[in-house]
Amino acid sequence: MEIMRVVDELVCTRRVPGLNLSSLRVLESLKGGLLVATDPVGVPAGKWVFTTSGSAARWAMPDVKTMTDLTICGIIDDWQE
Amino acid sequence: MEIMRVVDELVCTRRVPGLNLSSLRVLESLKGGLLVATDPVGVPAGKWVFTTSGSAARWAMPDVKTMTDLTICGIIDDWQE
Amino acid sequence: MEIMRVVDELVCTRRVPGLNLSSLRVLESLKGGLLVATDPVGVPAGKWVFTTSGSAARWAMPDVKTMTDLTICGIIDDWQE
Amino acid sequence: MEIMRVVDELVCTRRVPGLNLSSLRVLESLKGGLLVATDPVGVPAGKWVFTTSGSAARWAMPDVKTMTDLTICGIIDDWQE
Amino acid sequence: MEIMRVVDELVCTRRVPGLNLSSLRVLESLKGGLLVATDPVGVPAGKWVFTTSGSAARWAMPDVKTMTDLTICGIIDDWQE
């Protein structure tokens with residue numbers, strides 16, 4: 001799992017059916033890259049989180065059929081960059 | 001999921017059977033790499049999209065047996081590079 | 001599988017249900033990146049370990065439904081960086 | 001899916017049973033890395049192709065039990081580097 | 001699949017149950033990174049091999065439940081770096 005910081009929400013009106021009900025977040029990785037993740041936890045911008053990728057990202061969602069490859073798993077309590 | 005920009009269509013007359021009916025797009029990632037994705041949404045060149053990879057890429061297609069590892073999930077409404 | 005060093009435990013009070021009972025470790029890869037892994041072995045900080053990723057990470061856990069994409073597989077006996 | 005160029009065949013007399021009947025090709029990625037792929041299409045050296053990876057690579061083979069993680073999906077008609 | 005060179009055996013006395021019977025090798029990739037793979041072929045140090053990753057790595061093992069994400073698939077007959 002990777003450590004990332006929540007940057008923003010992702011606004012996206014036109015998407016595939018399998019993502020309809022999921023909250024999407026823009027995350028920044030420790031290397032500075034930007035990625036999009038589904039968020040079943042509900043995390044505000046600025047927080048440090050860790051994410052799971054691949055098929056595990058689907059299992060971390062309430063609905064396992066969600067078409068995601070990156071999901072926020074939890075908020076890290078104390079993290080200094 | 002990754003943020004990418006649609007560059008072009010991919011013209012490919014000789015391919016494996018499992019991709020026969022899918023639209024293919026050439027995408028450019030935020031790091032500048034070029035990739036090929038299946039497109040169930042119908043996105044014109046120049047638009048910013050986000051993509052899902054791995055086994056989730058198949059679940060995002062209308063036919064889950066499509067032999068893809070990268071699928072366009074949605075168009076991002078407002079994105080400045 | 002990758003070779004990594006255990007840096008610390010990860011403190012995380014708010015997380016998705018599928019990770020409730022797993023120990024989490026912060027690892028440093030040979031390239032210097034920081035990652036989070038589930039730890040079914042019980043490894044103290046400072047030890048060199050090797051990890052498995054992707055769907056194999058779930059199979060390496062006692063409960064195969066654990067929402068992980070990186071799991072510590074074993075402690076390497078003799079390793080000099 | 002990634003864009004690659006076919007460099008050569010791979011000669012390999014001793015291999016695991018699951019690869020016995022597959023043609024193997026050495027490919028060069030756009031970043032200059034060398035990879036090995038199974039080839040169900042039949043592509044001569046020098047051609048530009050696109051490849052699928054992960055579990056999709058197995059689904060792109062005639063026999064889905066082939067032990068591959070990278071398969072050539074099609075030949076790109078017009079591609080200038 | 002990737003091209004790698006066998007560097008050494010991996011000595012590891014404490015590991016998860018799912019790896020108990022597998023031979024482990026330390027490999028060096030073409031980019032110079034070090035990785036750990038399961039070896040169902042039996043390859044001595046110094047040889048060039050190609051490896052399969054992800055879920056295919058499990059299918060390449062005699063026991064498909066082996067907790068690996070990287071498996072040696074075959075020895076390359078002639079390879080100059």
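The values are calculated or read from the model by the stated rules, or taken from the named source; none is laboratory data. What you see is a predicted model, and the numbers here were worked out from it, not measured in a lab. Cβ atoms come from the backbone with ideal geometry, glycine included; neighbour counts cover every protein chain shown. Surface accessibility is based on the protein's heavy atoms, side chains included, excluding ligands, DNA and RNA. Shrake-Rupley method; radii C 1.70, N 1.55, O 1.52, S 1.80 Å.
Considering only residues that are out of contact with any helix residue (DSSP H, G or I) (no Cβ under 7 Å at 6 or more places or on another chain) and aliphatic (A, V, I, L, M), which ones fall in region D:58-81?
Passing the criteria: D:Met61, D:Ile72, D:Ile75, D:Ile76.
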Among the candidates C:Val43, C:Val64, C:Val49, which residue alone is free of Cβ contacts under 8 Å to residues at least 60 places away in the same chain and not in a loop (DSSP other than H, G, I, E, B)? C:Val49
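Let's see how each residue does on (1) open to solvent by 30 Å² or more (accessible area, probe 1.4 Å); (2) more than 11 Å from chain D (Cβ to nearest Cβ):
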residue	(1), (2)
B:Ser22	no, no
B:Val26	no, no
B:Gly32	yes, no
B:Leu35	yes, no
B:Gly42	yes, yes
B:Ala45	yes, yes
B:Ala60	no, yes
B:Asp63	yes, yes
B:Met67	no, no
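Conditions (1) of a type in the set (A, V, I, L, M, F, W, C); (2) modelled with pLDDT under 90; (3) within 25 Å of C:Thr51 (Cα to Cα), marked per residue:
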{"residue": "A:Cys12", "(1), (2), (3)": "yes, yes, no"}
{"residue": "A:Val43", "(1), (2), (3)": "yes, no, no"}
{"residue": "A:Pro62", "(1), (2), (3)": "no, yes, no"}
{"residue": "A:Thr71", "(1), (2), (3)": "no, no, yes"}
Would you check which residues across region C:1-20 are open to solvent by 60 Å² or more (accessible area, probe 1.4 Å), outside any strand (DSSP E or B) and facing chain A (nearest Cβ under 8 Å) and list them? C:Val11, C:Thr13
Anything in region D:47-58 that is facing another protein chain (nearest Cβ under 7 Å) and open to solvent by 40 Å² or more (accessible area, probe 1.4 Å)? List them, or say none. D:Ser53
Filtering region E:50-60 down to residues that are modelled with pLDDT of 95 or more and in contact with a Phe, Trp or Tyr (Cβ under 9 Å, 6 or more places away or on another chain) yields E:Thr52
Which residues, taken from region A:24-39, are under 27 Å from B:Asp63 (Cβ atoms) and either in a loop (DSSP other than H, G, I, E, B) or touching a residue at least 40 places away in the same chain (Cβ under 8 Å) (or both)? none
Tell me which residues, restricted to region B:20-44, are under 18 Å from D:Trp79 (Cβ atoms) and of a type in the set (A, V, I, L, M, F, W, C). B:Leu24, B:Val26, B:Leu27, B:Leu34, B:Leu35, B:Val36, B:Ala37
Just to be sure before I move on: is D:Cys73 open to solvent by less than 20 Å² (accessible area, probe 1.4 Å), touching a residue at least 40 places away in the same chain (Cβ under 8 Å) and facing another protein chain (nearest Cβ under 8 Å) in the structure I sent? yes
